[in-house]
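What follows is calculated from the coordinates using simple rules that are stated; it is not laboratory data. If you're wondering where the values come from, they're calculated on a predicted model, not measured in any experiment. Don't worry about glycine lacking a Cβ; one is built from the backbone with ideal geometry, like all the others, and counts go over all protein chains shown.
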Amino acid sequence: MVRTGSLCSRRGAVLLALALISSSASQAQTPSAPGRSGTLVVEFLYMPPTSVEPTYHTAMWLEDAKGNLVKTLYVSQELSSAEYKLGNACPDWVKQAHWEKAPKSEVDAVTAPTPNVGSEAKTFDLDKMGIAPGVYQFKFQVHISDQHNVLHRGEVKVGAVDSTATLEVVYGPGKLEVTDQFVRAVQVRYVAPK
């Protein structure tokens with residue numbers, strides 16, 4: 001004699017269990033909620049001065065694929081308050097930012113003390129900064145002296161997967177007479193939201 005009621009309830013229980021497992025598995029495979037942007041971590045080392053006394057005026061920002069400024073992430077205090085007007089410190093950022101027209105709230109939000117000599121890290125919450133998922137050009141420019149600046153740049157993919165940017169280094173526009181590397185060990189990591 002076959003009990004159809006208990007067989008149906010067992011099949012229902014098995015199907016329900018399989019549906020729950022499948023639902024849990026698909027949720028576990030989704031690394032981030034849509035529309036969330038995650039965090040950008042920038043690590044670097046400023047070397048002590050030798051024969052040249054660097055200013056270490058610093059700017060970090062994101063551009064879109066066409067080279068338009070998307071967001072200034074960080075500007076050192078002296079650069080933000082006055083040095084940008086002189087034209088020789090961080091000229092790539094100055095050209096993009098139009099800092100003299102920036103709202104005071106934006107200036108205050110991204111201006112902070114100049115990094116110290118030694119290792120440092122800056123962490124940017126891209127959600128709070130209004131950065132949507134997408135592909136950006138990250139730029140990090142440091143003024144050394146006179147017309148000499150160092151620019152680190154590379155592509156950052158903001159989305160569902162952690163990544164590390166490959167950076168290119170550009171010096172100039174002026175030529176520095178010493179061969180010291182004042183900015184070293186620059187790493188840019190994107191951490192997807194969990």
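Distance in nm between label sites at L45 and T164, each 7 Å beyond Cα in the beta-carbon direction?
For L45 paired with T164, the spin-label model returns 1.4 nm.
³J(HN,Hα) across region 39-55 via Karplus (A = 6.51, B = -1.76, C = 1.60, θ = phi - 60°), whole Hz, x for Gly/Pro?
Karplus-based 3J(HN,Hα) across region 39-55 equals 10, 10, 10, 10, 10, 7, 10, 9, 7, x, x, 10, 7, 10, 9, x, 7 Hz.
As a quick test, which of the pairs K95/K157; K85/K194; K71/K194; K101/K194; K66/K122 have an alpha carbon distance above 30 angstrom in this structure?
On the way: K95/K157 24 Å; K85/K194 41 Å; K71/K194 23 Å; K101/K194 36 Å; K66/K122 26 Å.
Check vs 30 Å cut-off fails for K85/K194; K101/K194.
Highest first, please rank the peptides 52-60, 38-46 by the mean number of other Cβ atoms sitting within 10 Å of their residues. Mind dumping the intermediate values first?
Values: 52-60: 21.4, 38-46: 18.9.
Highest-to-lowest ranking by the protection proxy: 52-60, 38-46.
In whole Hz and in residue order, list the ³J(HN,Hα) couplings for region 57-67 that follow from phi through the Karplus curve 6.51 cos²θ - 1.76 cosθ + 1.60, θ = phi - 60°; x for Gly and Pro.
4, 9, 9, 10, 7, 10, 10, 7, 5, 8, x
Can you give the extra length, in nm with one decimal, that the chain gains between D146 and A132 once fully stretched, where that is 0.36 nm per residue apart less the Cα-Cα distance? Each step should come with its number before you reach the end.
On the way: separation 14, 0.36 × 14 = 5.04 nm, distance 3.63 nm.
Here the answer is 1.4 nm.
How many angstrom lie between the C-alpha centres of region 121-194 and region 89-107?
Between the Cα centres of region 121-194 and region 89-107 lies a distance of 17 Å.
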